[in-house]
Structure formats: structure tokens, C-alpha cells
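This report concerns only the one structure given below.
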Amino acid sequence: MHRDASPRRYLMCPPAHFRVTYSINPWMDPAKPVDLRLALTQWEDLRDRYLSLGHTVELLEPQPGLPDMVFAANGATVVDGRVLGARFAYPERIAEAALHRAWFLDHGFTDVKEPDHVNEGEGDFAVTASYLLAGRGFRSSPLSHPEAQEFFGRPVIGLDLVDPRYYHLDTALSVLDEAADEVVYYPGAFSPGSQAVLRRLFPNALLAGEQDAAALGLNAVSDGRHVLLPQAAVGLFDPLRDRGYEPIGMDLSELLKGGGSVKCCTQELRPAPAATR
Ligand code: ARG
């Protein structure tokens, strides 16, 4: 099957101040040293890869004292050019939300909402043609789901995350082709009921195994054809190719020490639908 890529616009934040000084997910061990130069090089490789694929990358200015800002996916959710801001669960990251909102207001986005309930942006929200998939259990409040549904006017499907290693939806599920509602996920990250919901909505989904999930292989970004994912998730490459995708392995080993990889570093700015006459 032939897959077409479509040009995307992403928001990223260089890991200039990246560190692991606290632990808010099981991947983070402040005792483990981080190689900041390597983190920067790995992040630049990801940015350059997007650029070489023809995508646009916008940059958010990193701030000292906010070491997790590199995980730009968490700062907002943008659908149809409308911006639902984030509200972080842990005090260490709270200040990031206002920096994201300010960026959008400075860059011509007029519809920017500061949310009432905790949501960690695209960490827990994923967009398909039919739905807004929404994770809960570790970070985003279940109350953020109706809030997002009302704001975007898209049906929200709440999904219960049960394994602390997969604390955000984007560590357990990735949208491969939003037009075709095609996803890949690791069933073990979800409650039995949520697994049944996923089977019902996405009967043809690609299922990831435990080893690829543990390599954070679900923390991937697809443009409809190219799927950028952690290179250690070796078991996903052939199944992706079998479906016509082109997997591109990335090494983000330093950022993995913060509990994030490709997707966490990448917020997608989905434009308003083109005006029709
Ligand atoms: N250290 C960050 C945190 O725990 C990692 C966030 C990863 N981002 C993501 N979209 N899953 O909040």
C-alpha cells in the first residue's frame, strides 16, 4: 500500500536546560548523569530530520529552571488552529503552560484557551479523524476530557492508563494515519475495558509488544508515511513497513532519561481547515 506524507508544522524546544533533577515518572533517576551535549545533538538530529522531510519546525525558547521544557508536546493541544493550553499535574512543570500560551498569542493564534482542569497537552491527547483520544490515570484529570470535547467539538474517548511506565497516552499509543484512523498501541498499558474500547474502535490497529513499548517505541511521530520512532524499538520496523510506512529510527537516549522520546519533543500545530467556497 502506498502512503502519502503530508507537510506538518511542529513546535519544539531545544534541551538547552535539560536535566534530571527530580523524578515524576519511573524513567527519571536524578542519580543518573545526563550528557547535555549529546542530548542537544540528538534533539538537533530529530529537528533536522523533520526539516529534511519538508516539515516546518517552530521553536519555543527554553527557560532555565524548567528542565522538562524540551518535552514540548505537553504544553498544549492544537486542532483546527485552535489551542487548548495545558495545566500541569506536578509543580515542577506548572510554569511551562503560560510560556506555551504566550508563544501561541505571539504567533498569530487567536483562539487560545487556558484550561480549568489538569491536562498535559499531547502527552495525553491524540487526534484521529473521528476522535480525540484522551489518556487518564497518571497525569491528565478525567475532568479535562469533557473540557476538551466542548472546546474542540470532537468526541473524546477516555482511555485508562494502568502502568506507571506509560504515564502519558503518547507513551502507549501513536496515531499513524489520522485520516484513516490508524493507530499502533501497546495493550498492556491500558485497563481491560480501555483495551476493549481500542479493539472496537481500531480493529485493524498495529499492536506493539512489551519490548518495543519498553523502548518507548510508541512515542512516535507519523506524517502519514514516515514514522519517526526510537531506534531501539526494533520489533516495530517490519510491521510498519508491511503496512506501507517508512520507519525512521532516532536515537534520543539522553532524553529517554527524562521519560520522553520523539513524540514528547514534538507538538503538532494542526491548521484550521482550508476555507471552502
Ligand atoms: N519528564 C517529563 C514528565 O514526566 C517527560 C514528559 C514526556 N512527555 C510526553 N509527552 N510523554 O513530565
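Points worth noting:
- Residues that are charged (D, E, K, R) and surrounded by fewer than 22 Cβ atoms within 10 Å (Cβ to Cβ) within region 243-267 comprise Arg243, Glu246, Asp251, Lys257, listed in sequence order.
- Of the residues Pro142, Pro115, the single one that is more than 15 Å from the ligand (Cβ to nearest atom), more than 18 Å from Glu268 (Cα to Cα), modelled with pLDDT of 95 or more and open to solvent by less than 10 Å² (accessible area, probe 1.4 Å) is Pro115.
- Counted residues, region 226-242 - those being in contact with a strand residue (DSSP E or B) (Cβ under 7 Å, 6 or more places away or on another chain) and either open to solvent by less than 60 Å² (accessible area, probe 1.4 Å) or acidic (Asp, Glu) (or both): 9
- With respect to the conditions (1) open to solvent by less than 10 Å² (accessible area, probe 1.4 Å); (2) within 19 Å of Leu132 (Cβ to Cβ), Leu201 lacks only one, and its number is (1).
- Cβ-Cβ contacts under 6 Å between residues 6 or more apart (or on different chains), taken from a first residue in region 199-226 that is touching a residue at least 12 places away in the same chain (Cβ under 8 Å) and over 17 Å from Arg49 (Cβ atoms) to a second residue that is among the β-branched types (Val, Ile, Thr) and outside any helix (DSSP H, G or I), are listed as Phe202/Val183; Ala205/Val183; Leu206/Val184; Ala208/Val184.
- The set of residues from region 155-185 being part of a loop (DSSP other than H, G, I, E, B) and open to solvent by less than 50 Å² (accessible area, probe 1.4 Å) comprises Asp163, Tyr167, His168, Ala172, Asp181.
- Annotation note: of Gln211, Gln149, the sole residue that is among the polar types (S, T, N, Q), open to solvent by 50 Å² or more (accessible area, probe 1.4 Å) and in contact with a Gly (Cβ under 7 Å, 6 or more places away or on another chain) is Gln211.
- Checked against the criterion of being assigned to a strand (DSSP E or B) and among the charged types (D, E, K, R), region 203-212 contains not a single residue that satisfies it.
- Residue list for region 1-28, filter: more than 14 Å from Leu255 (Cβ to Cβ), assigned to a loop (DSSP other than H, G, I, E, B), among the aliphatic types (A, V, I, L, M) and within 16 Å of the ligand (Cβ to nearest atom): Ile24
- Qualifying residue in region 29-44 (condition: within 16 Å of the ligand (Cβ to nearest atom), open to solvent by less than 30 Å² (accessible area, probe 1.4 Å), in contact with a strand residue (DSSP E or B) (Cβ under 9 Å, 6 or more places away or on another chain) and touching a residue at least 24 places away in the same chain (Cβ under 8 Å)): yes
- Count of region 1-22 residues which are open to solvent by 70 Å² or more (accessible area, probe 1.4 Å) and among the polar types (S, T, N, Q): 1
- Filtered residue count, region 46-91, keeping only those that are more than 13 Å from Tyr10 (Cα to Cα), assigned to a helix (DSSP H, G or I) and open to solvent by 70 Å² or more (accessible area, probe 1.4 Å): 2
The values are calculated or read from the model by the stated rules, or taken from the named source; none is laboratory data. Computed from a predicted structure; not experimentally measured. Cβ coordinates were reconstructed from backbone atoms using ideal geometry, including for glycine residues, and neighbour counts include every protein chain displayed. Surface areas here come from the heavy atoms of the whole protein model, side chains and all, with no ligands, DNA or RNA. Shrake-Rupley method; radii C 1.70, N 1.55, O 1.52, S 1.80 Å.
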